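Novice: This is the structure, below, for whatever I ask next.
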Amino acid sequence: MPPLDRYRLFAQKVYPALVRVRTKTGGLLLSRQRLAIAMEPVLMLGVSLLQYLEATPDVQAVDLPPLSTPAWNFALNRQVGDELFHPTTLVHFRQRFAGP
C-alpha cells in the first residue's frame, strides 16, 4: 500500500488511537460491552468508523467484502480469514455504546 493510502493511514493513526482510548478507560469500554457482545470493542469501533467513511451497511461490512478484503483487515489489524461476526453485533454494539 502506498504511504498515503487511506487504509494505511487508518492502521497507523486511527486504530492505535482506538486502542489507547480503551487503555485509558481502564477497560471500562470493554467491561461495559461484555454482556452485549463477545467481540473486541476496538474492532467494533474500527468497523463502525470505516462503515461511516465508506457508507457501508452492516451486512455488507461483515458478510461481503470489505471486511473480507485485505485493505479493511490491514486497517483493523486483522488477518484475512479471521473470525467474522454477525452483522447484528454491530447494531447491538452501537446501541450499548450509545447508552440508554
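The values are calculated or read from the model by the stated rules, or taken from the named source; none is laboratory data. Note that this is a predicted model, so its numbers are computed, not measured. Every residue, glycine as well, gets a Cβ built from its backbone with ideal geometry; the counts of neighbours run over all protein chains shown.
Novice: Any idea which of (1) within 20 Å of Gln95 (Cβ to Cβ); (2) at pLDDT 85 or above; (3) surrounded by 14 or more Cβ atoms within 10 Å (Cβ to Cβ) is the one Val62 doesn't satisfy?
Specialist: Looking at each condition in turn, Val62 falls short on (2).
Novice: Examine the stretch 22-34 for a residue that is within 11 Å of the chain's Cα centre (by Cα) and at pLDDT 70 or above, and state whether such a residue exists.
Specialist: So far as the stretch 22-34 goes, no, none of its residues is within 11 Å of the chain's Cα centre (by Cα) and at pLDDT 70 or above.
Novice: On to the next question. Would you be able to tell me the number of residues in the stretch 38-57 that are outside any helix (DSSP H, G or I), modelled with pLDDT of 85 or more and surrounded by fewer than 16 Cβ atoms within 10 Å (Cβ to Cβ)?
Specialist: 2
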